[in-house]
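Reviewing the structure listed below.
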Amino acid sequence: MADQSKTGENNTNDERAQRRARRQALIDAGVDPYPIRSNVTAHAAELEQRYANLQDGEDTTDEVTVAGRVRAFRDSGKIAFVVLEDATGQIQLFCRVNNFAPADWGLLKQVDLGDIVEATGVVVRTRRGQLSVSPTSVRPLSKSLRPLPEKFHGLTDREVRYRQRYVDLIMNPEVRDVFRRRSAIVSLIRRYMEADGYMEVETPMMHAIMGGANAKPFVTHFNALDRDFYLRIATELPLKRLIVGGMERVFEIGRQFRNEGMDLTHNPEFTTMEAYCAYSDLDGMKRLTEGLFKAIAREVCGCEEGHEAITYQGQEVDMSGTWRSVALSEVASQVVGEHVDMDTPIEHLRGLCAAHGIDVEEGWGAGKLLFELYDELGESTLVNPTFVCDYPEEVSPLAKRKEEDPRLTDRFELVICGHEYANAFSELNDPVDQAGRFAEQVAAKGMGDDEAMGYDYDYVRALEYGMPPAGGIGYGIDRMVMLFCDQPAIRDVLLFPQMKPEVVTKADIASQLPEATDSAASVDAIADDAETGASQEVARESAEPALSTGLTRDQALSLLRRHNKDPFHIQHAETLEGLMRHYAERYDPANVDFWGQVGLLHDLDWEESQDPVRHTVRAGELIEAEGGTPELVHAIQTHNSDNNPYLPQPEARMERVLYAADELSGLIQAAVLMRPSKSVMDLEVKSLKKKFKDKRFAAGCSRDVIRRGAELNGMELDDLFASMICAMRAIAPDRDEWLAAHLEDSEKQ
């Protein structure tokens, strides 16, 4: 057998080279290291059960074929012991030289740890009591070219575990158990819901209008319709349309996508189950939830009926009996040490938030402030299952108002061990009320709330046909699995959690490739393709035809300097040139120079005229006189169409980027000058958002123009801010140096 001591980190590449050589030796000897099929007739667990009564040292004549990954190999000359691991467990191969043809015995000695092999032989139990298969033939099914981590250490590096889940599953059997239990939980949920009369349905993944939750969406482009769509953030609104249509009990288990952060309990792509029941209400959803969670505790965790108690991260969780229900304001009161509710003066609620370090917005009412106190301070104090009820209407745009106090809604969230596991409503079915709440959401979006919903005309139209009273609920499946499998992080219950892109070098790629052929891409081409990824597809689809400005870059710069003497104006022009070139590399690589000159000359005439209506009209005349093309003039003039209706609107990608970059880059530069570092490299989106919301800061930078720039580019404000900051960082060395010098000169003057 190959030397298994050479599997440490320092010589992994050497070991890979040796394994590739052994792979080639098999091929040269006429042995296929990757045959097309295997005829497995038995698995490890099945054999252990079937031959449990086989005595030590006893042989059988029962021939079986097993297959699995080689996890151990011990060579004793004329005897070899191989441990195979399949999906059910491990089985030993008791290999004796007399049972093999010489060539096959030699082949056996070339097996590496990690190889997947097939063995055919009779079932025996060794004198030491180990159930085994005594094979007469062993053949490779898949040659492993990369050594497994050292057995002693296992696989403990979490970054490697999550990114290379396949290795994690090989090395850590307990991880496989978690995902088997996850499968059992999802299966039980389906059976439980169907037994309760619910019908499973499927609804669209792409939505033209964002709705069903307050969250930041992913955006994708639908080529056939030539418009952007949202990946769904919830299944709520389509499911309630089905309630309108007469399907009285429906549920869906499916993926949701939210373009937000990643932490212990959040992943941008996650699984939920939403259910809706006509003629039910919040109490019906409570009973459904209690029954479902208790059933999982009994079937998956082995609890006895009436004693459904589990442990989660060292905390005892008692799920038996009837679960507690408590008002949100009562939890908030407990954590702030005084009674607070919707009648508490707003300024007092603001003071309590400030005293506990909670940031608040100017327009928030009592309901939103109460929710923040509960969410930031109270939720984490709840351990046993608790239905937190009576949410303010401000934070519940789809829930029915409470009859006794319309400022509150008939809603609960289920909280266990400080985390939310379910969100339920007595569903709003008044179309007029719903339309008004959608309108409030659109207003909030206009004020910069990038998680607010859109106005869903069709959903209101559906309600106008009449929806019966209904209870609805959504469960976070991933968090449920965390709870019942006692896992601390959502990544531990997702087979493929979202990760930052891995840095793969050209040497890494080259080490995997066969010998170069004329038809294969080069290592450089492969690396470039991997680096650009989806951005390359966007650029390919959106690229405009090759364009000409009619000017060289030197001619354009000379023209700019003849009509602009203020260094700040020239610097702004060069900043826009850099930004436009940066975005052209992504969206329109064939026209990088054209995009750059559009940025360089976009404010050519501003210093001399400063007339909002004539701006860019005079620039067009100057550019044409210099020999510039009509296409260049047209692109530049689009960014001033707000002030002059006779100018063309920004329609092409280049024009939309210019419109957004011109105003937002000015705000970013102003924000950078306020930072101790005087550099964009440490500017964060949240800092820029604060400056954006402060209308007194850089008042000359129009917030309305920046918002429209985001809309023109199909982006939320946060996304535009993040994108522009990244672009500014890409051109930062020259810009930062200039800004620092400019500030120093200004201070001296």
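Any chance you could count how many residues in the range 234-259 are under 12 Å from the mean Cα position of the chain (by Cα) and either of a type in the set (A, V, I, L, M) or crowded, with 16+ Cβ neighbours inside 10 Å (or both)?
So the answer is 4.
Quick grid of which residues meet (1) part of a loop (DSSP other than H, G, I, E, B); (2) closer than 24 Å to residue 488 by Cα; (3) among the basic types (Lys, Arg); (4) outside the structural domain of residue 184 (by TED's automatic domain parsing):
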residue: 293; (1), (2), (3), (4): no, yes, no, no
residue: 331; (1), (2), (3), (4): no, no, no, yes
residue: 363; (1), (2), (3), (4): yes, no, no, yes
residue: 367; (1), (2), (3), (4): no, no, no, yes
residue: 374; (1), (2), (3), (4): no, yes, no, yes
residue: 379; (1), (2), (3), (4): no, yes, no, yes
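Surrounded by 15 or more Cβ atoms within 10 Å (Cβ to Cβ) and not aliphatic (A, V, I, L, M): which single residue out of 60, 65 fits that description?
65
Taking residue 212 as meeting all but one of (1) small (Gly, Ala, Ser); (2) in the same structural domain as residue 280 (by TED's automatic domain parsing); (3) on the phi < 0 side of the Ramachandran plot; (4) in contact (Cβ under 8 Å) with a residue 60 or more places away in the chain, write down the number of the exception.
Only one criterion is unmet by residue 212, namely (3).
Tell me, yes or no, whether the range 644-656 has at least one residue that is in contact with a helix residue (DSSP H, G or I) (Cβ under 9 Å, 6 or more places away or on another chain), in a helix (DSSP H, G or I) and closer than 17 Å to residue 704 by Cα.
Applying the first criterion (in contact with a helix residue (DSSP H, G or I) (Cβ under 9 Å, 6 or more places away or on another chain)) to the range 644-656 yields 644, 646-656.
The next check asks that each one be in a helix (DSSP H, G or I); those that pass are 653-656.
The next check asks that each one be closer than 17 Å to residue 704 by Cα; those that pass are 656.
Taking every residue of the range 644-656 in turn, at least one turns out to be in contact with a helix residue (DSSP H, G or I) (Cβ under 9 Å, 6 or more places away or on another chain), in a helix (DSSP H, G or I) and closer than 17 Å to residue 704 by Cα.
Looking at (1) modelled with pLDDT under 90; (2) in a helix (DSSP H, G or I), which one does residue 667 not meet, given that it meets all the others?
Answer for residue 667: the failing condition is (1).
Answer yes if at least one residue in the range 412-431 is part of a helix (DSSP H, G or I), among the charged types (D, E, K, R) and either touching a residue at least 24 places away in the same chain (Cβ under 8 Å) or closer than 30 Å to residue 708 by Cβ (or both), and no otherwise.
The initial filter retains those residues of the range 412-431 that are part of a helix (DSSP H, G or I), namely 431.
This time we only want the ones that are among the charged types (D, E, K, R), so: none.
No; the residues of the range 412-431 include none that is part of a helix (DSSP H, G or I), among the charged types (D, E, K, R) and either touching a residue at least 24 places away in the same chain (Cβ under 8 Å) or closer than 30 Å to residue 708 by Cβ (or both).
Restricting to the range 648-700, give me the number of residues that are surrounded by fewer than 17 Cβ atoms within 10 Å (Cβ to Cβ), closer than 28 Å to residue 590 by Cβ and in contact (Cβ under 8 Å) with a residue 24 or more places away in the chain.
Qualifying residue count for the region: 0.
Determine whether the range 620-637 contains at least one residue that is within 37 Å of the chain's Cα centre (by Cα), assigned to a loop (DSSP other than H, G, I, E, B) and among the small types (Gly, Ala, Ser).
Scanning the range 620-637 turns up no residue that is within 37 Å of the chain's Cα centre (by Cα), assigned to a loop (DSSP other than H, G, I, E, B) and among the small types (Gly, Ala, Ser).
Pick from the range 299-323 the residues that are within 17 Å of residue 182 (Cβ to Cβ) and in contact with a strand residue (DSSP E or B) (Cβ under 8 Å, 6 or more places away or on another chain): which of them is surrounded by the most Cβ atoms within 10 Å (Cβ to Cβ)?
Of everything passing the filter in the range 299-323, 310 is surrounded by the most Cβ atoms within 10 Å (Cβ to Cβ).
So, of the residues in the range 202-214 that are surrounded by fewer than 16 Cβ atoms within 10 Å (Cβ to Cβ) and hydrophobic (A, V, I, L, M, F, W, C), which turns out to be farthest from residue 276 (Cα to Cα)? Let's see the steps before the verdict.
First pass over the range 202-214, keeping only residues surrounded by fewer than 16 Cβ atoms within 10 Å (Cβ to Cβ): 202, 204-206, 208.
Filter once more, keeping what is hydrophobic (A, V, I, L, M, F, W, C): 205-206, 208.
On the way: 205: 18, 206: 21, 208: 23 Å.
That would be 208.
With the condition kept exactly as written, say whether any residue in the range 49-61 is within 18 Å of residue 142 (Cβ to Cβ) and either in contact (Cβ under 8 Å) with a residue 24 or more places away in the chain or not assigned by TED's automatic domain parsing to the domain that holds residue 93 (or both). Can you show your working first?
Residues of the range 49-61 that are within 18 Å of residue 142 (Cβ to Cβ), as a first pass: none.
Within the range 49-61 (the criterion being within 18 Å of residue 142 (Cβ to Cβ) and either in contact (Cβ under 8 Å) with a residue 24 or more places away in the chain or not assigned by TED's automatic domain parsing to the domain that holds residue 93 (or both)), the answer is no, since none of the residues qualifies.
Anything in the range 489-512 that is under 17 Å from residue 270 (Cα atoms) and either β-branched (Val, Ile, Thr) or not in a helix (DSSP H, G or I) (or both)? List them, or say none.
489, 490, 493, 494, 495, 496, 497, 498, 499, 500
Do we have any residue at all in the range 96-104 that's of a type in the set (Phe, Trp, Tyr), outside the structural domain of residue 481 (by TED's automatic domain parsing), in a loop (DSSP other than H, G, I, E, B) and surrounded by 14 or more Cβ atoms within 10 Å (Cβ to Cβ)?
For the range 96-104, residues of a type in the set (Phe, Trp, Tyr), outside the structural domain of residue 481 (by TED's automatic domain parsing), in a loop (DSSP other than H, G, I, E, B) and surrounded by 14 or more Cβ atoms within 10 Å (Cβ to Cβ): present.
Tell me whether the range 46-64 contains one or more residues that are in contact with a Pro (Cβ under 9 Å, 6 or more places away or on another chain) and either outside any loop (DSSP other than H, G, I, E, B) or farther than 21 Å from residue 169 by Cα (or both). Let's see the steps before the verdict.
Of all residues in the range 46-64, those in contact with a Pro (Cβ under 9 Å, 6 or more places away or on another chain) come to none.
No, there is no match, as no residue in the range 46-64 is in contact with a Pro (Cβ under 9 Å, 6 or more places away or on another chain) and either outside any loop (DSSP other than H, G, I, E, B) or farther than 21 Å from residue 169 by Cα (or both).
What number of residues within the range 302-329 are assigned to a strand (DSSP E or B), more than 15 Å from residue 416 (Cα to Cα) and among the hydrophobic types (A, V, I, L, M, F, W, C)?
Keep residues of the range 302-329 that are assigned to a strand (DSSP E or B), which gives 304, 307, 309-312, 315-318, 324-327.
From the residues that got through so far, the ones that are more than 15 Å from residue 416 (Cα to Cα) too are 304, 307, 327.
Next, from what is left, pick out any that are among the hydrophobic types (A, V, I, L, M, F, W, C): 327.
Of the residues in the range 302-329, 1 are assigned to a strand (DSSP E or B), more than 15 Å from residue 416 (Cα to Cα) and among the hydrophobic types (A, V, I, L, M, F, W, C).
Working only within the range 366-381, note down all residues that are aliphatic (A, V, I, L, M) and crowded, with 22+ Cβ neighbours inside 10 Å.
In the first step, residues of the range 366-381 are kept if they are aliphatic (A, V, I, L, M); the result is 366, 369-370, 373, 377.
Within the range 366-381, 369, 370, 373 meet the criteria.
Mind checking whether some residue in the range 308-327 is of a type in the set (A, V, I, L, M, F, W, C) and more than 15 Å from residue 387 (Cα to Cα)?
Step one: filter the range 308-327 for residues of a type in the set (A, V, I, L, M, F, W, C), giving 309-310, 317, 319, 323, 326-327.
Now narrow it down to the ones that are more than 15 Å from residue 387 (Cα to Cα): 309-310.
For the range 308-327, residues of a type in the set (A, V, I, L, M, F, W, C) and more than 15 Å from residue 387 (Cα to Cα): present.
What single numbered condition from (1) modelled with pLDDT of 95 or more; (2) within 23 Å of the chain's Cα centre (by Cα); (3) surrounded by fewer than 23 Cβ atoms within 10 Å (Cβ to Cβ) fails to hold for residue 483?
For residue 483, the failing item is (3).
Take residue 292 and decide whether it is crowded, with 18+ Cβ neighbours inside 10 Å and either touching a Lys or Arg at 6+ places or on another chain (Cβ under 9 Å) or under 24 Å from residue 486 (Cβ atoms) (or both).
Values: crowded, with 18+ Cβ neighbours inside 10 Å: yes; either touching a Lys or Arg at 6+ places or on another chain (Cβ under 9 Å) or under 24 Å from residue 486 (Cβ atoms) (or both): yes.
It is true that residue 292 is crowded, with 18+ Cβ neighbours inside 10 Å and either touching a Lys or Arg at 6+ places or on another chain (Cβ under 9 Å) or under 24 Å from residue 486 (Cβ atoms) (or both).
What is the number of the single condition among (1) small (Gly, Ala, Ser); (2) in the same structural domain as residue 465 (by TED's automatic domain parsing); (3) surrounded by 13 or more Cβ atoms within 10 Å (Cβ to Cβ) that residue 142 does not meet?
Unmet condition: (2).
Does the range 343-360 contain at least one residue that is out of contact with any Cys (no Cβ under 9 Å at 6 or more places or on another chain) and touching a residue at least 60 places away in the same chain (Cβ under 8 Å)? It would help to see each step written out before you state the result.
Our first condition is that a residue be out of contact with any Cys (no Cβ under 9 Å at 6 or more places or on another chain); within the range 343-360, this holds for 343-358.
Restricting the remaining residues to those that are touching a residue at least 60 places away in the same chain (Cβ under 8 Å) gives none.
Taking every residue of the range 343-360 in turn, none turns out to be out of contact with any Cys (no Cβ under 9 Å at 6 or more places or on another chain) and touching a residue at least 60 places away in the same chain (Cβ under 8 Å).
When you scan the range 651-663, how many residues do you find that are within 28 Å of residue 546 (Cβ to Cβ) and in contact with a Gly (Cβ under 9 Å, 6 or more places away or on another chain)?
Narrowing the range 651-663 to residues within 28 Å of residue 546 (Cβ to Cβ): 651-662.
Okay, now just the ones that are also in contact with a Gly (Cβ under 9 Å, 6 or more places away or on another chain), so 656-662.
Looking only at that region, the number is 7.
Would you check if residue 273 is surrounded by 15 or more Cβ atoms within 10 Å (Cβ to Cβ), in contact (Cβ under 8 Å) with a residue 12 or more places away in the chain, of a type outside the set (Asp, Glu) and closer than 25 Å to residue 484 by Cα?
On the way: surrounded by 15 or more Cβ atoms within 10 Å (Cβ to Cβ): yes; in contact (Cβ under 8 Å) with a residue 12 or more places away in the chain: yes; of a type outside the set (Asp, Glu): yes; closer than 25 Å to residue 484 by Cα: yes.
Yes; evaluated as a whole, the condition is true for this residue.
If we scan the range 471-478, do we find a residue that is more than 26 Å from the chain's Cα centre (by Cα) and crowded, with 21+ Cβ neighbours inside 10 Å? Full working, then the answer.
Taking the range 471-478 and keeping what is more than 26 Å from the chain's Cα centre (by Cα), we get 471.
Keeping just the survivors that are crowded, with 21+ Cβ neighbours inside 10 Å gives 471.
Yes; the residues of the range 471-478 include at least one that is more than 26 Å from the chain's Cα centre (by Cα) and crowded, with 21+ Cβ neighbours inside 10 Å.
Residue by residue through the range 215-233, note down the ones that are more than 16 Å from the chain's Cα centre (by Cα) and buried (at least 19 other Cβ atoms within 10 Å of the Cβ). So that I can check it myself, show each step before the final result.
As a first pass, look at the range 215-233 and keep what is more than 16 Å from the chain's Cα centre (by Cα): 221-229.
Scanning the range 215-233 gives a single hit, 229.
The values are calculated or read from the model by the stated rules, or taken from the named source; none is laboratory data. What you see is a predicted model; the values in this text were computed from it and never measured. No Cβ is skipped: glycine too gets one built from the backbone with ideal geometry, and neighbour counts run over all protein chains shown.
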